[in-house]
Amino acid sequence: MSILIMDNYIYILISRQGKVRLTKWYSPYAQKERSKHTSLILHAMYRLYVNSVELFCNFVEWRGYKVVYKRYASLYFCMCIDQEDNELEVLDIIHHYAEILWELQESSKKTVARIISAQDQLVEVAKEETTSISNIIAQATK
Amino acid sequence: MEQLKTIGRELAMGSQGGFGQSKEFLDLVKSIGEARSKAEEDRIVLSEIDILKRRLLEPDIPKRKMKEYIIRLVYIEMLGHDASFGYIHAVKMTHDDNLLLKRTGYLAVTLFLNEDHDLIILIVNTIQKDLRSDNYLVVCAALNAICRLINEETIPAVLPQVVELLNHQKEAVRKKAIMALHRFHRKSPSSVSHLITNFRKRLCDNDPGVMGATLCPLFDLISEDVNSYKDLVSSFVSILKQVTERRLPKSYDYHQMPAPFIQIKLLKIMALLGSGDKNASEIMSMVLGDLFRKCDSSTNIGNAILYECIRCISCILPNPKLLEAAADAISKFLKSDSHNLKYMGIDGLGRLIKISPDIAEQHQLAVIDCLEDPDDTLKRKTFELLYKMTKSSNVEVIVDRMIDYMISINDNHYKTEIASRCVELAEQFAPSNQWFIQIMNKVFEHAGDLVNIKVAHNLMRLIAEGFGEDDDDADSKLRLSAVESYLQLISEPKLPSLFLQVISWVLGEYGTADGKYSASYISGKLCDVADAYSSDETVKGYAVSALMKIYAFEIASGRKVDVLPECQSLIEELLASHSTDLQQRAYELQALLALDARAVESILPLDASCEDIEVDKDLSFLNGYIQQAIESGAQPYISERERSGMFETTDYHPQDHHEVPSHALRFEAYELPKPSGPPQASNELVPVPEPSYYSESHQPISTSLVSERESSEIKLRLDGVKQKWGRPSYQSTTSASSTTQQAGTPTHSDAGVGSSSSKPRSSYEPKKPEIDPEKQRLAASLFGGSSSRTDKKSSSGGHKPAKGTVNKPAAVPKENQTPVQPPPDLLDLGEPTDTTVTAMDPFKELEGLMDSSSQDGGSSDVMGLYSDAAPVTTTTSVDSLLSELSDSSKGNPRTYQSQTSKGPNTKEALEKDALVRQMGVNPTSQNPTLFKDLLG
């Protein structure tokens, strides 16, 4: 699975109470700009939230911002994108992201054990490779 | 993404307790999750910061413990607090040999630090070392950090190694190396300009992931310089073809769609390459056609690809078959129940309509539905579409709709946008001047404070100039209708200032013009305006000037003028006004009332606002006056150059020595006030060194008694303040006087624009109403102009009024339809289309590469190992929603140059004024200094 680099994007998670839970900036912004952008995006989302519409577009255009959002449970996943971006694609990027989060949220012990063992295996594989390569080097330099 | 995964994984591990996450940490996460308020959350985090600060000071912290602390620091930072006290520990952790610890360290530093942070220098060394590591996971971690932490200065330190890694045996490393190079290109294109061929090479990498990663930098490069990459067109097309033929490994599928994100990127690149290039467009047409057939429109991502195809087709040279396919896709979008798809359909329609204007016609009802949808986003998008498809046949309906919508919304930002669009469309397509004025009135009434002041000037100019033809009758009808509509509107409470200015000006110029309204009626209305908006000086100024014109016209036509009592009291009030501008106007008005008909007529001739102003730059009309002055002992004018030559070595600034009456700096007193005017203390003798008073220096004087002794005295006095009186003041006056002509009244200076914008208006044709149901009627009027089919439909109709508020029945024009819109000019044919062919074609093997990669495809994807390099920072902050809710309405206070009153010598000044008016100059509100200059 590959997702291409995105840029100039701003990613924000907002709870239904209007609390910002997570922001991600895909371009460097100064702190001041960040809070400005955040509050403007929140404003855009808030207008939408007040109208509390489920059937409407998942896109909001407001003061030059284009926000694509999707609601999962009580969280709004919002992504601020460029004017020329493909909104439907972004919607799927959000969805994919949420899917991955979901995977991580998995609380059953079995899954967690599986993730951990996969992680362990990776480390082991890496270690083995390191040692085997160093063995090869050692042999070669003998 | 990977960061989150890691965080999540850490948390998941924590909940297991197996990896030594302490109960403390778990309790922290839990208590923050349960926090009821921001304050409570802050308290918890602050105490956590205290704990960590203490813990980190302890000696010999076990590594596992340290890892937990660092994750807790990440948590603190994530919640918007400062964890900088612990950054150094994260940096240290990147040095660790243990892979897990190292990766945790890298994760933490990429989140904590930015590229300009002081600690970066400590990391560069580690990164260099790790890039050489045998363990590709270590290399990946280092490359990830490079994307985030390397700045322009440190690029050279890692660049050679990154380039080397482009040939690494692991595809994950190659991909990350490409991403790092892309990042470098973004940061400093010059640093990697010699490495751009690497992107081309990697495009034919065996691994689709690496190939996909190169698309991003190539997209950037191609948008900068299309022509250098024309040779890649067939490569991109063949990649897209292979992707759609499912020749990529299954792991690249997303919702049963083969590598959709790669497809979309490829389509974006093809749109760039195909634009205006016949050859490229032809190569693409096949695969685009296939895409339309194959695309699964039942999933969101399938529709995303379809939409991208539509966009691509709208960019490349038009191809009838593809356009048809795109139109079909759009109609599917529009017919869908999903608002998202409708939105995309409207957007696609807006793109295609430029190429084939007929396309909208079959979707008229769907568009109308979207227009009436309660969803604001969809509605706005539809208005955007309507804006794009406006022509003279449907402008009335569209602008009416827009204005209704404009009235209904509260958001000033969007209101401004809609208002300016209404104005633009009305100016471009207005079928008649009457209609134009009505639309303008509505715009001003509802969004007057938001529109550009130029719009007001345009409107006044239109009313003044009329049709631009010599049809005086029509012109006066137009003016009468304007006056009538304004007299109706004027009593409305709370009109925007700009609108009142227009109203006042029009009533002043044309209120009494055809004798329908009496002077006292109009002047009464004007006084009401000045009273009701007493805090708005600009409006008052316009009102007083309008009064002056009304009375001047009365006097000039020989009628007896009865100044209304309220008008008299207004004048008296303004005579003592703090605003010198208003004061001057009041004095002028008062003086004018005392003049005889002949003088008044030459001051304010009837309907002369359009007369050309000839500005006599040489001021030759003053020659006699100067002669007289010189004869009576004044010094002759010495030009600036001569003076600067003379005074080069002295301290005096040349500007201080103007001696010619017209532009001189004079500091002697006015002559004694005449008994008629109110006593006015003249403080001209003391040059007050305040910049705000500088315009005074050009205060014209009424006598030419300049003695040498006096002027030399002034020179001495000026020594200390010469900077304040320097060159700029002189220049600013001349420039101000030239802008005045444009700003104040609509005069000839803007005429060129006006006549061009009013051209289409004459093409107005009467329209016939019809009886179709409301929506169809609206649709027909929106789309009708474009096809004969609708023409038939509408002409078969009978009579039915269109809409209460619409001033003309909505229908289609019957005949002689000439599309005003210019033919679509999509093809930038001016662009050179020759492609540069590289000597060696590295893409020969391209056809086969996907096959080979699919054979060993299974091993290529371990999501957890490499991440997308993009994420920059993670923070949280909770902002109050409400704090931003109040729109700050923009006030636009006009500042006037402050100046002292002109003095009581009004009669003489007015006679001068008359002289100037004979030269064709009108008084304006904006810049009284013009007159001071000319009157000197």
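The values are calculated or read from the model by the stated rules, or taken from the named source; none is laboratory data. Values in this document were obtained by computation on a predicted structure and should not be read as measured data. Note that we place each Cβ from the backbone using ideal geometry, even for glycine, and neighbour counts take in every protein chain shown. Side chains included, ligands, DNA and RNA excluded: accessible areas come from the protein's heavy atoms. Shrake-Rupley method; radii C 1.70, N 1.55, O 1.52, S 1.80 Å.
Observations
- Of the candidates A:LYS32, A:LYS24, the single residue that is exposed (fewer than 14 other Cβ atoms within 10 Å of the Cβ), under 27 Å from B:ARG186 (Cα atoms) and either at pLDDT 70 or above or more than 9 Å from chain B (Cβ to nearest Cβ) (or both) is A:LYS32.
- Residues in segment B:82-137 that are more than 45 Å from the chain's Cα centre (by Cα) and within 12 Å of chain A (Cβ to nearest Cβ): 11 in all.
- Any hit, segment B:205-224, residues being within 19 Å of B:ILE262 (Cα to Cα), open to solvent by 10 Å² or more (accessible area, probe 1.4 Å), outside any helix (DSSP H, G or I) and acidic (Asp, Glu): yes
- Elements of type helices (runs of 4 or more DSSP H) in segment B:541-603, at least 3 residues being closer than 19 Å to B:LYS525 by Cα: B:565-575, B:580-593
- Residue check: B:ASP253 meets all listed conditions (1) open to solvent by 30 Å² or more (accessible area, probe 1.4 Å); (2) within 30 Å of the chain's Cα centre (by Cα); (3) of a type outside the set (A, V, I, L, M, F, W, C); (4) closer than 23 Å to B:PRO208 by Cβ but one, namely (2).
- Residue that is farthest from B:THR299 (Cα to Cα) [pool: residues in segment B:347-378 that are facing chain A (nearest Cβ under 10 Å) and in a helix (DSSP H, G or I)]: B:ASP376
- Look at (1) out of contact with any Phe, Trp or Tyr (no Cβ under 7 Å at 6 or more places or on another chain); (2) more than 14 Å from chain A (Cβ to nearest Cβ); (3) in contact (Cβ under 8 Å) with a residue 24 or more places away in the chain; (4) not acidic (Asp, Glu) and you find that B:LEU248 fails only one, number (2).
- Matching residues, segment B:529-542, being within 33 Å of the chain's Cα centre (by Cα) and buried (at least 24 other Cβ atoms within 10 Å of the Cβ): B:VAL539, B:LYS540, B:GLY541, B:TYR542
Condition check ((1) among the β-branched types (Val, Ile, Thr); (2) under 28 Å from B:LEU386 (Cα atoms); (3) crowded, with 19+ Cβ neighbours inside 10 Å) across all residues:
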residue: B:ASN410; (1), (2), (3): no, yes, no
residue: B:ARG421; (1), (2), (3): no, yes, yes
residue: B:ALA426; (1), (2), (3): no, yes, yes
residue: B:ASN433; (1), (2), (3): no, yes, yes
residue: B:ALA447; (1), (2), (3): no, yes, yes
residue: B:LEU450; (1), (2), (3): no, yes, yes
residue: B:LEU478; (1), (2), (3): no, no, yes
residue: B:LEU489; (1), (2), (3): no, no, no
residue: B:PHE499; (1), (2), (3): no, yes, yes
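- Here B:ASP290 meets each of (1) within 24 Å of B:LEU378 (Cβ to Cβ); (2) away from chain A (no Cβ under 14 Å) with one exception, condition (1).
- Looking across segment A:66-100, just one residue is of a type in the set (Asp, Glu) and touching a residue at least 40 places away in the same chain (Cβ under 8 Å), and that is A:ASP82.
- Some residue of segment B:37-47 being loosely packed, with under 12 Cβ neighbours inside 10 Å, at negative phi and at pLDDT below 85: yes
- Residues that are open to solvent by 30 Å² or more (accessible area, probe 1.4 Å) and among the small types (Gly, Ala, Ser) within segment B:501-515 comprise B:ALA513, B:GLY515, listed in sequence order.
- Inside segment B:307-325, residues that are within 12 Å of chain A (Cβ to nearest Cβ) and open to solvent by 10 Å² or more (accessible area, probe 1.4 Å) make up a count of 2.
- Checking B:ALA426 against (1) free of Cβ contacts under 8 Å to residues at least 40 places away in the same chain; (2) more than 20 Å from B:ASP400 (Cα to Cα); (3) of a type in the set (A, V, I, L, M, F, W, C), the condition it does not meet: (2)
Yes/no per residue for (1) without any contact (Cβ under 8 Å) to a residue 12 or more places away in the chain; (2) more than 20 Å from B:CYS312 (Cβ to Cβ); (3) surrounded by fewer than 22 Cβ atoms within 10 Å (Cβ to Cβ):
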{"residue": "B:GLY345", "(1), (2), (3)": "no, no, no"}
{"residue": "B:LEU349", "(1), (2), (3)": "no, no, no"}
{"residue": "B:ILE353", "(1), (2), (3)": "no, no, yes"}
{"residue": "B:GLU372", "(1), (2), (3)": "yes, yes, yes"}
{"residue": "B:ASP376", "(1), (2), (3)": "yes, yes, yes"}
{"residue": "B:LEU386", "(1), (2), (3)": "no, yes, no"}
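- Of all residues in segment B:180-192 being part of a helix (DSSP H, G or I) and either acidic (Asp, Glu) or within 33 Å of the chain's Cα centre (by Cα) (or both), the one that is surrounded by the fewest Cβ atoms within 10 Å (Cβ to Cβ): B:SER190
- Among the residues of segment B:108-139, the one identified as closer than 20 Å to A:GLN121 by Cα, open to solvent by 10 Å² or more (accessible area, probe 1.4 Å), of a type outside the set (Phe, Trp, Tyr) and in a helix (DSSP H, G or I) is B:VAL138.
- Test: residue in segment B:516-527 that is without any contact (Cβ under 8 Å) to a residue 24 or more places away in the chain and over 28 Å from the mean Cα position of the chain (by Cα): yes
- Residues in segment B:150-178 that are modelled with pLDDT of 90 or more and open to solvent by less than 10 Å² (accessible area, probe 1.4 Å): B:ILE155, B:VAL158, B:VAL162, B:LEU166, B:ALA172, B:VAL173, B:LYS176, B:ALA177, B:ILE178.
- Any hit, segment B:260-267, residues being more than 10 Å from chain A (Cβ to nearest Cβ), under 23 Å from A:GLU99 (Cα atoms) and either of a type in the set (A, V, I, L, M, F, W, C) or in a loop (DSSP other than H, G, I, E, B) (or both): no
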